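Derivation of every value follows stated rules applied to the coordinates shown; laboratory data play no part. This is a predicted model, so every value here is computed, not measured. A quick note on method: Cβ atoms are made from the backbone with ideal geometry, for glycine too, and the neighbour counts reach across all protein chains shown.
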Amino acid sequence: MSSYNFGIAIHGGAGTIEKTLMSPEREMAYNRALQNAVDVGYKTLEAGLSAIKAVEAAVVDLENCPLFNAGKGAVFNSVGQHEMDACIMDGQTLNVGSIAAVRNVKNSIILANLVREHSDHVLLAGDGALEFAKKFNVEIESDAYFHTDQRYDQWQKIKGSDDFQLDHTGEKKYLGTVGAVALDNKGNLAAATSTGGMTNKKFGRIGDTPLVGLGNYANNSTCAVSCTGSGEYLMRAVTAYDISCLMEYKGLSLQKAAEFSILNRLTSLGGDGGVVSIDQDGNIAMVFNCDGMYRASRNQNHNAVAIYR
């Protein structure tokens, strides 16, 4: 048996999640979706595969679920389209693949991983990323595939205005951005994050998710981090790398670093959100400064799914 306490943690977004507004059926659906995704990732690790494979598999599962703001459940932008961002990072090599403002790709995280493996670039965007996708026969879907009534209704409320909204703000509290972090049995870390961004976003807005060190980061010497929440604030706080730096230069534990970054730095800027993270000893920290975060984690010793604080 490996001496590494291999494990995985995932999230499906953080923000205003009020138990009083959640039906028992919907809560059960979220719990089931989170359990499925964390199981997919964990079984990948259990089979002796890499952390990169595990986070990719878990995020693909979340992207295929219409409950989350990524892949099939992505929100509508100002012109009624779905634009996806994603990032995946290998903590052993620091190799990263990211895509931004990409349309019609079924699984953005698969495309991001292909950028990591088969290009000399870190980030591809828009039409160029789509051109790259076609080289590798990445699965493409019509706009209809990404249409869900709840996202459409959400967009209709602010369509035509200059407003945009986080997936978890406004009258209906639908959550977004998905992510996963993992430690494999060889001691390697990885992180993956995927999102449909903000409802009614304009001007090709890109958030924290595809930007290395902002919404996603992995480094074997410290930790792997996936962020969710108000992207503009996570970008200003350089949150994912901030947690790694607090461990590397200040000697903080993963839990303390995540708490300082989210509860102090992000909060002082006025941002809301959270992270799932794991270090090289397999310690998992899931920290958020809002009402809730859809989250799950699993290793040899525990298996947990949670929504509320």
Mean Cα-pair separation over length for the stretch 7-308, i.e. relative contact order, pairs under 8 Å, 6 or more apart, %:
25 percent
Beyond 28 Å (Cα-Cα) in this structure, taken from LYS201/LYS250; LYS72/LYS201; LYS43/LYS135; LYS134/LYS157; LYS72/LYS157; LYS43/LYS201, we find LYS201/LYS250; LYS43/LYS135; LYS134/LYS157; LYS43/LYS201
Compactness check, the chain: C-alpha Rg relative to the 2.2 N^0.38 Å globular estimate gives 0.90
Whose amide H sits under 5 Å from the amide H of ALA70, counting only residues 5 or more places off or on another chain, with H placed in the peptide plane?
GLY196
Pulled fully out, how much extra length does the chain show between ASN283 and VAL79, if you take 0.36 nm times their separation in residues and subtract their Cα-Cα distance?
69.2 nm
Please sort 252-260, 179-187 by packing, taking for each peptide the average over its residues of neighbouring beta carbons within 10 angstrom, highest first.
179-187, 252-260
Global geometry of the stretch 1-86, whether rounded, prolate or oblate, following the gyration tensor of its Cα atoms and the 1.5 cut on a/c:
oblate
Where Lys and Arg each count +1 and Asp and Glu each count -1, what net charge lies around ARG116 among other residues with Cβ under 13 Å from its Cβ?
-3
Per 10 Å bin from zero, what fraction in whole % of the C-alpha pairs of the stretch 13-56 is there, up to the bin with the longest pair?
25, 36, 24, 14, 0
Which of SER261, SER221, SER226 has the fewest Cβ neighbours within 10 Å, and the rest in rising order
SER221, SER261, SER226
Would you tally the net charge around SER244, using a Cβ to Cβ cut-off of less than 12 Å, leaving SER244 out, and scoring K and R as +1, D and E as -1?
-2
Using a cut-off of 9 Å between beta-carbons, work out the net charge of the residues near SER50 (Lys and Arg +1, Asp and Glu -1, SER50 not included).
0
The stretch 87-139 - convex hull of the alpha-carbon atoms, volume per residue in Å³:
63 Å³
Considering the zone a paramagnetic label at GLU27 would reach in this model (a point 7 Å from Cα along the Cα-to-Cβ line), which residues of the stretch 267-309 have amide N under 16 Å from it?
291-295, 305-309
